[in-house]
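For reference, the structure discussed in these notes is given below.
Read-outs throughout are calculated quantities, based only on the coordinates presented, and are distinct from any laboratory measurement. Quick caveat: nothing in here was measured; it's all calculated off a predicted structure. Every residue, glycine as well, gets a Cβ built from its backbone with ideal geometry; the counts of neighbours run over all protein chains shown.
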Amino acid sequence: MMFWKKRVLPYQLNTHPPLNTPLREISFTVFDTETTGFAVGRKDRLIEIGAVQVEALTLTDKTFRTYVNPERNIPREITELTGIQAEDVERAPTALEAIENFFQFVEKQKSTVWAGHYVAFDLLVLKKELQRYKYAFDAPSQIDTLDMIGYLNPTWDMKDLSYYAREFGANMFERHSALGDARTTASLLIELIHILEHRGKRTLGDLLDILRKENGTKTMM
């Protein structure tokens, strides 16, 4: 049996701001991925990464977007959903190159917290792609808008991102585009934080405590 030593990409991603940091002072990288399907641990691959910065609870024009060459065919249903075709990715960077470019963007922005809508899946995509190149990924602090919604409205069933954007008055951008969905998620994040602030939850520690309790509730159900 052969063993390989995991390597870590040399980017400063794991900053840990004090828990008493006001949410208005957090630099969020809100990101999203598109893939050839959901079996990312086996056959499916990354085809797009998109990200946008939220600073001082404001959606900025600091964005990142790249197509990714999945080194396999893109299923027709994925092309119909995302609009991404073979010609879009055939000369795109490999997954490793694209992820490195993304990490460089995050490092440049001095981001302190990552956020996403069902962010666990997007982190899994990055981890599985890096594993193919024998790299490990030590993820930074992350926030999931789904968990925030679960705390605010525990009786709601899981819905589509566009549904939540409408319900909470967030701005809508291009759907099933990694950058478009990242922007929509960022706008939703801002609206959710405003609601939490009105409930007295104003610091990073408050938010992380809410999310820990929300995940604990899910585990017990």
Would it be correct to say that L81 is out of contact with any Ser or Thr (no Cβ under 6 Å at 6 or more places or on another chain), more than 29 Å from K6 (Cα to Cα) and among the hydrophobic types (A, V, I, L, M, F, W, C)? yes
Region 131-181: number of residues that are closer than 30 Å to Q85 by Cα, touching a His at 6+ places or on another chain (Cβ under 9 Å) and not polar (S, T, N, Q): 5
Looking at A170, is it of a type in the set (A, V, I, L, M), outside any helix (DSSP H, G or I), surrounded by 15 or more Cβ atoms within 10 Å (Cβ to Cβ) and in contact with a helix residue (DSSP H, G or I) (Cβ under 8 Å, 6 or more places away or on another chain)? yes
Filter region 121-155 down to residues that are without any contact (Cβ under 8 Å) to a residue 60 or more places away in the chain, assigned to a helix (DSSP H, G or I) and more than 25 Å from I193 (Cβ to Cβ), then give me how many there are. 3
For region 173-199, how many residues are assigned to a loop (DSSP other than H, G, I, E, B) and either without any contact (Cβ under 8 Å) to a residue 24 or more places away in the chain or surrounded by 19 or more Cβ atoms within 10 Å (Cβ to Cβ) (or both)? 5
